[in-house]
1. With no solvent and one equal point scatterer placed on each C-alpha of region 151-290, evaluate the Debye formula and give log10 I(q)/I(0) for q = 0.14, 0.16 Å⁻¹, two decimals.
2. Let me make sure I get this right: for region 118-169, a, b and c are the square roots of the gyration tensor eigenvalues over alpha carbons, sorted descending. Under 1.5 in a/c it's rounded, otherwise prolate if a/b > b/c, else oblate. Which is it?
3. Could you please report the charge total around residue 306, scoring K, R as +1 and D, E as -1 over all other residues with beta-carbon less than 14 angstrom from its beta-carbon?
4. What percentages, rounded to whole numbers, describe P(r) for region 186-267 computed over all alpha carbon pairs with 5 Å bin width beginning at zero?
5. Mind jotting down a quarter of the surface of the convex hull over the alpha carbons of region 26-178, in square nanometres, one decimal?
6. Can you sort 180, 302 by how many other beta carbons sit within 10 Å, fewest first?
7. Give me the distance in nm between label points sitting 7 Å out from Cα along the Cα-to-Cβ direction at residue 234 and residue 82, one decimal.
8. Can you give me the distance in nm between label points at residue 203 and residue 67, each placed 7 Å from the Cα along the Cα-to-Cβ direction?
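Read-outs: derived from the displayed coordinates by stated rules, not from any lab. Bear in mind that the values here come from a model prediction, so they are computed numbers and not experimental data. Positions of Cβ are backbone-derived with ideal geometry, glycine not excepted, and every protein chain shown enters the neighbour counts.
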Amino acid sequence: MNKKAENIIVGISIGDLNGIGSEVILKTFEDSRMLELCTPVIFANAKILSFVKKSFTSTIQFHGVDKLDQILPGKVNVFNVWKEGVDIHLGVNNEKIGEYAIKSFVAATKALKEGVIDVLVTAPINKYNIQSEDFKFPGHTDYLDKELDGNALMMMVQGDLRVGLLTDHVPINEVSSHLTEELITRKIETVRKSLIQDFSIVKPKIAVLGLNPHAGDGGVIGKEDDLILKPVLKKIFDKGTMVFGPFPADGFFGSGQYEKYDAIVATYHDQGLIPFKTLSFGKGVNYTAGLNKVRTSPDHGTAYDIAGKDMADYNSFKEAVYLAIDIFRSRNQYEEITEKPLKIKEKQL
Ligand SMILES: NC(=O)C1=CN([C@@H]2O[C@H](COP(=O)(O)OP(=O)(O)OC[C@H]3O[C@@H](n4cnc5c(N)ncnc54)[C@H](O)[C@@H]3O)[C@@H](O)[C@H]2O)C=CC1
Ligand SMILES: NCC(=O)COP(=O)(O)O
């Protein structure tokens with residue numbers, strides 16, 4: 001059942017309060033037309049956001065609520081996840097602020113699981129200051145993978161450019177050992193399904209980058225491409241998925257080959273994110289594919305160096321809101337279409 005646009009409830013976790021998260025959220029919803037597109041609910045504290053607002057040229061008005069059933073369409077809702085004041089020092093990294101980032105994220109994830117919000121858009125966290133006895137995850141993706149159904153896959157999206165990762169928050173010296181047949185097969189299937197359900201691409205074409213320089217040059221520079229990637233990709237292809245590669249990664253983007261595919265799958269984080277951010281920084285979105293719920297975030301981090309200076313570009317955050325809504329709609333449509341498929345009448349001979 002498709003919801004009316006403004007009734008799609010977009011939950012927003014506040015991220016690191018000392019970073020640029022609050023600024024990009026406020027700037028996005030400063031434009032009242034955004035409220036015709038969705039009903040936002042920020043998981044934080046209304047008094048604190050009113051204080052942070054003073055650092056920027058913002059006239060935004062908040063609707064603070066203590067219960068999620070009090071949120072209203074047409075308002076920038078703030079769900080008070082905590083009541084106490086918080087010392088904000090924009091641009092400063094500290095552990096106390098990490099606790100509030102996680103309080104917000106955990107509460108928003110709970111609301112997402114329970115269907116109180118339709119989609120989740122996360123503002124950036126600092127991966128170091130969020131660590132605690134209770135929260136030991138390198139990022140949002142890993143926590144959501146544990147909390148939600150499905151298998152999370154990090155996918156960066158900007159227009160028709162989609163870059164998925166076989167491994168994400170994995171130290172570089174462990175990447176090779178993660179690249180098993182099981183992982184590659186599962187990740188490629190997640191990308192394929194996401195392209196169909198979330199992006200309405202009927203028969204997606206997927207390119208996979210090689211791990212080693214020149215995809216190993218026949219085994220001269222590393223054996224993983226020949227021994228693991230090639231045979232596994234062939235198996236997947238033979239079962240009907242349009243997957244190609246492994247391609248030498250260095251020239252793939254520069255030569256424009258990426259434009260021929262619906263998604264490019266990189267073997268590790270920086271192999272995919274460096275070309276992606278070079279091509280689309282400021283407009284890209286980080287999407288967690290493969291889960292039963294939709295989560296997006298902007299393509300940037302906490303940017304302490306510019307926090308509080310009214311310099312942050314909010315377009316990536318706005319794109320993250322748009323994409324979350326688009327994917328939510330696309331999934332609903334896909335469900336409707338596939339729920340009761342039309343029976344194909346067999347031809348009478
Ligand atoms: N989804 C998330 O929660 C993410 C969190 N991070 C975290 O953020 C922290 C800082 O990471 P960095 O690698 O320094 O990346 P970063 O994206 O915070 O900053 C890189 C550079 O880009 C600039 N920049 C970033 N966003 C901008 C914006 N909206 N407008 C204008 N300039 C902008 C910054 O000023 C800085 O010069 C780390 O702790 C990292 O783990 C990084 C990426 C995503
Ligand atoms: N570079 C994107 C990134 O690492 C963000 O991670 P996550 O917090 O979205 O899992």
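1. With no solvent term, the Cα-only Debye profile gives -0.57, -0.76.
2. Prolate.
3. Net of charged neighbours comes to -3.
4. Histogramming region 186-267 at 5 Å steps yields 3, 16, 26, 23, 19, 9, 3, 1, 0 percent.
5. The orientation-averaged projected area of the Cα hull of region 26-178 comes to 11.4 nm².
6. 180, 302
7. Distance between the two pseudo-spin positions: 5.6 nm.
8. Calculated label separation equals 5.4 nm.
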